[in-house]
Amino acid sequence: MRFKRPKNTLEGEGKKSRLFPKDKSQTKDKKEKASREKVNKEAKINRESKDHKESKEEIYCKKCKKYISRIDLEKSLHICPFCNHHFMISPKERIKILCDENSFVEHNQDLKSVNILDFPDYDAKLEKAIKTSGENESVLCGLCSIGGCETAIFIMNGEFMMGSMGQITGEKISRLFEYATDKSLPVLGFSLSGGARMQEGIISLMQMAKVSSTVKRHSDQGNLYICVLTNPTSGGVTASFAMQADIILAEPDALVCFAGPRVIEQTIRKKVPEELQRATSVMENGFIDDIVSRKAQKTYLGLLLKMHERKEVKNASI
Ligand SMILES: [Zn+2]
């Protein structure tokens, strides 16, 4: 008996799949892919539950592989009491640790990124980042005083798309430098970034030049710029304003690089030493002036700002 495929009818289309089934190898591929994904997912869950069984009370330190009480960690300024690992902290927490009480005033907090290139899923990612970080962008900018010295400050936020540098990140930092140049104020920066934001393409890369030009104008007026590199500082941020400061400091063991170790390993197909691109090794090679623990930063930075205070400008304005 011969089957005849009905033409141009919905019924025919429906029957088509039954009478002329799809290529079997395609179905097999799909099944294999699904089972592979399932295995990977289960392995990931097992790995996470085995290695990082974090709870509301305890947090896991990836460096020394120990559990620390969240209360103790907060008391120790988010530094692991066992191995001195500096955990990532939010800009608001850093302000609490560093600035004189109630001295911080935020600038340009309402500026928000837009999906200028219509990049797929970028809108959803931005929305999620705003929700998880509680901030509108990957950098917090403003004015504060440290040890009684007034300074402009920017702090990059790891919770917002891993501190990636988008158009608004560059705009906020540029505006801060312009403000500091006008008022003859020092700028203190805390860098943390995975690099330029790929969803904004060339526009994110252009921020490197934009911020750099404002750093130059600020410097030409004889103003001080200090940058503290925190873990991780990489990509376009390292390649521009993070490394253009007059005084460059770093937190202990911070990763400071352009391309990260994984990218290098994939390129040269060799394992790179663990300490490569870490603060100590970067300092030994002359890129960093000093490594300062979070506990000492308030005093250290307060002293630096005091030493470089522009008395003649202050007196002139009185
Ligand atoms: Zn630890």
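Derivation of every value follows stated rules applied to the coordinates shown; laboratory data play no part. Since the model is a prediction, treat every value here as computed from it, not as a measurement. Positions of Cβ are generated from backbone atoms using ideal geometry, with glycine treated the same way; all protein chains shown enter the neighbour counts.
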Mind checking which residues of the range 251-296 are under 18 Å from Phe190 (Cα atoms) and acidic (Asp, Glu)?
Glu251, Asp253, Asp289, Asp290
Please state which of the following conditions Val105 fails to meet, knowing it meets all the rest: (1) exposed (fewer than 15 other Cβ atoms within 10 Å of the Cβ); (2) closer than 23 Å to Met161 by Cα; (3) not basic (Lys, Arg).
(2)
Quickly run through the range 181-212 and pick out the residues that are surrounded by fewer than 24 Cβ atoms within 10 Å (Cβ to Cβ) and of a type in the set (A, V, I, L, M).
Leu185, Met198, Ile202, Ile203, Leu205, Met206, Met208, Ala209
